[in-house]
1. With the requirement that a residue be away from ligand 1 (no atom under 16 Å from the Cβ) and of a type in the set (D, E), what does segment 151-206 give you?
2. Considering only segment 152-266, give the strands (runs of 3 or more DSSP E) lying wholly within it that have at least 1 residues that are surrounded by 15 or more Cβ atoms within 10 Å (Cβ to Cβ) and over 18 Å from the mean Cα position of the chain (by Cα).
3. Taking only segment 334-369 into account, find how many residues are basic (K, R) and within 16 Å of ligand 2 (Cβ to nearest atom).
4. F149 versus (1) touching a residue at least 60 places away in the same chain (Cβ under 8 Å); (2) farther than 19 Å from E397 by Cβ; (3) surrounded by fewer than 22 Cβ atoms within 10 Å (Cβ to Cβ): which is the lone unmet condition?
5. Quick one: which strands (runs of 3 or more DSSP E) sit completely within segment 1-95 and have at least 1 residues that are farther than 22 Å from I170 by Cα?
6. Tell me whether segment 103-116 contains one or more residues that are assigned to a loop (DSSP other than H, G, I, E, B), within 25 Å of Q320 (Cβ to Cβ), within 16 Å of ligand 1 (Cβ to nearest atom) and in contact (Cβ under 8 Å) with a residue 60 or more places away in the chain.
7. What tally of residues in segment 194-249 results from selecting those that are closer than 30 Å to L349 by Cα and not aromatic (F, W, Y)?
8. Examine segment 79-87 for a residue that is within 20 Å of D160 (Cα to Cα), within 16 Å of ligand 2 (Cβ to nearest atom) and surrounded by 24 or more Cβ atoms within 10 Å (Cβ to Cβ), and state whether such a residue exists.
Amino acid sequence: MAATQTLEALRSGVDRQLCEIEANLIGWRRDFHQHPELGNRETRTSGIVASHLQRLGLKVQTGIAHTGVIGLLEGGQPGPVIGLRADMDALPIVEQVDVPYRSEVRTTYNGESVGVMHACGHDGHTAVLMAVAEILTQHRDELPGTVKFFFQPAEEGAPDGEEGGAQLMIREGALENPKPAMVMGLHFVSPIPYDKLLYYKGPMLASADIIEITLTGKQGHGARPWMAIDPIVSAAQVVLGLQTIVSRQIDVTREPTVLSITINRGGLRHNIVPETAELGGTLRTYDEGMRRDIHERIKRTVEMIAGSSGVVADVKVKTQYPVTFSDGDLAEKIRPALERAGGIENVSLGKKLTAADDFSFFGHHVPTTYFVVGCAPPGTDPTSGAPNHSPRFYLDERCLLLGARALAGATLDMLHGA
Ligand SMILES: [Zn+2]
Ligand SMILES: [Zn+2]
């Protein structure tokens, strides 16, 4: 009975204090939003995170997987080690949202000049975890167990030729000393309205693989295509050919599967048939057998279509992230905290998504659970609102406090062996 009362008091204390620092939470997020950094380049962001955690008096490790930061909060009572993870990286996108803290940042990405934007809400994830760390630290003596805060770089993938993200953090020992009993993550997702929370049981985010194709023809004059071998027309045929793999060749009733070609590059001048064209894209699925089978089909489709016009194809399919798994028992254990934070009517069991997250690598070592917080202004049409990765992605900042309250509440429950 005493323990229950203590937990109740702790929950309401933490909840109230998070509400009190909402302005800071929003301020941190806006600062990160205005100063976004690409994967493995989050030096400013991780510097702010590290000094925040140091100021709180946590044990802090920096420079993990390049720019990752880990904070350790050791509670005054015995109990489990609970891991919480936030990602810190932004995307090579020119922001089109008209807000005072809009990003004007430009940088170089894979040799190209690009804008940088927090178009996936990771600015919010980082700010939320800073807020949760701050308030839980104020209750250090009462906490039964340890909270390990993972601030992770490069969730969207490291730049070409570099390693990074969750996989590298884990390889560098992030899950040791101490090893968490479980790790929890959250994501802000648009166009789900800000007051909705979704929890997941089982496989919930797809595997992700990177497709890279170079088509080499023979350069010539645009007016005499018969003297050239045109990789542009071949690229157009390949894009359409690849679309038939999912639509015509795969049993789509088995698992959600998506193949998107998102890069189509080639040519310099209107009157030159170029020597090469490049295509790139992503494959998302949930089944290992389907995944390997589709890799073979991609290679065969590209090589045969290109070969039909004498174009030589170089096809690479690189495995990126495995399927993200949200443990069913843990999901049930965090559900009450989500319901307390958002209201029972706003919490539901989510369905499989075709997005991916390298949070999946944590799940290969320890049990994991993951929840989604809607971040679109209420009334947004889910069929037409700007999704994550859009230059118009917009985060309704009310989701920050909601996410922080849900995450802190779920952490307290986990520490108390809910
Ligand atoms: Zn993303
Ligand atoms: Zn993301």
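Read-outs: derived from the displayed coordinates by stated rules, not from any lab. Quantities reported herein were computed from a predicted structural model and do not represent experimental measurements. In this analysis, Cβ positions are derived from the backbone assuming ideal geometry, glycine residues included, and neighbour counts consider all displayed protein chains.
1. D160, E162, E163, E172, E176, D195
2. Details: elements: 182-193, 197-199, 202-205, 207-216, 258-266.
Output list reads 182-193, 207-216, 258-266.
3. 0
4. Among (1) touching a residue at least 60 places away in the same chain (Cβ under 8 Å); (2) farther than 19 Å from E397 by Cβ; (3) surrounded by fewer than 22 Cβ atoms within 10 Å (Cβ to Cβ), the lone unmet condition for F149 is (3).
5. Details: elements: 59-64, 68-74, 77-87.
Result: 77-87.
6. yes
7. Result for segment 194-249: 16.
8. Kept after step one, since they are within 20 Å of D160 (Cα to Cα), are these residues of segment 79-87: 87.
Filter again for within 16 Å of ligand 2 (Cβ to nearest atom), leaving 87.
Cutting the leftovers down to surrounded by 24 or more Cβ atoms within 10 Å (Cβ to Cβ) gives us 87.
Yes, because at least one residue in segment 79-87 is within 20 Å of D160 (Cα to Cα), within 16 Å of ligand 2 (Cβ to nearest atom) and surrounded by 24 or more Cβ atoms within 10 Å (Cβ to Cβ).
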